[in-house]
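Here the structure comes first, spelled out in structure tokens, and everything after it is commentary.
Read-outs throughout are calculated quantities, based only on the coordinates presented, and are distinct from any laboratory measurement. Bear in mind that the values here come from a model prediction, so they are computed numbers and not experimental data.
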Amino acid sequence: EKSCIVNFFFTRVYHYTEDNQPYLSIPCSEHKITSAVWGPLGEFVIAGHENGEINQFSAKSGDILKKIKEHTKQINDIQSSVDNTMFITASKDNTAKLFDSTSLDHIKTFRTERPVNSAAISPIMDHVVMGGGQEAMEVTTTSTRIGKFEARFFHAAYEEEFGRVKGHFGPINCVAFHPDGKSYSSGGEDGYVRIHYFDPQYFDFELEV
């Protein structure tokens, strides 16, 4: 049985990059890592696993610093907030969740009816965008209903969905905000990358609670 390994590489030290040797390897054979991001100041890596676990791996010692399991199924994607203080997960359990990067405290949950493949946090608004659908292998066996593969926008504080953007002909595999927060991109199973620029009224939008 192959074990899962987290490898750390120096990118500025020639002797390491030439040999392509990691300076640290952490074996974690229990559950495969499906997504990972750096934590604040590069002190640790936040990794999501196929069983729904999230681990913090120290970049110095390789030790597991913290471990939580808020998702019931595989984590498909992890993306950080612009200041690295929070991150959002996208899971096969039909939810995306917001966490504190350092404490791993669970902050918010955004619920849908289908697996979430990717989720991102706006750098300027209290918004998150999510994309997903069925798994690719299931798409051909089900009827194609319009609107199945929309990007969905939620308010980060109120956990309320406030908008959907259609366009893809298959599941959305990846979403990302532009660093200026004025547009976002989505990549789909249909092979297209769609770049969407927000209308002026998007920036004036306030959710009525």
Legend entry - Top of Asn94, Asn20, Asn51 by mean-square fluctuation, Gaussian network on the chain, Cα under 10 Å: Asn20
Legend entry - Separation of alpha-carbon centers, segment 43-70 and segment 166-209, rounded to whole Å: 29 Å
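Using 0.36 nm per residue, how much length does the chain from Asp126 to Ser103 gain when fully extended, once their Cα-Cα distance is taken away? Could the numbers behind the result be given before it?
On the way: separation 23, 0.36 × 23 = 8.28 nm, distance 2.06 nm.
Difference between extended and current length: 6.2 nm.
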Inset, instruction - Could you check which residue among Ser25, Ser122, Ser91 shows the biggest mean-square fluctuation in a GNM of the chain with a 10 Å Cα cutoff? - result: Ser25
Inset, instruction - Once every Cα of the chain carries one equal point scatterer and solvent is ignored, give the base-10 log of I(q)/I(0) from the Debye formula at q = 0.09, 0.13, 0.15, 0.16 Å⁻¹, two decimals. - result: -0.38, -0.77, -0.98, -1.08
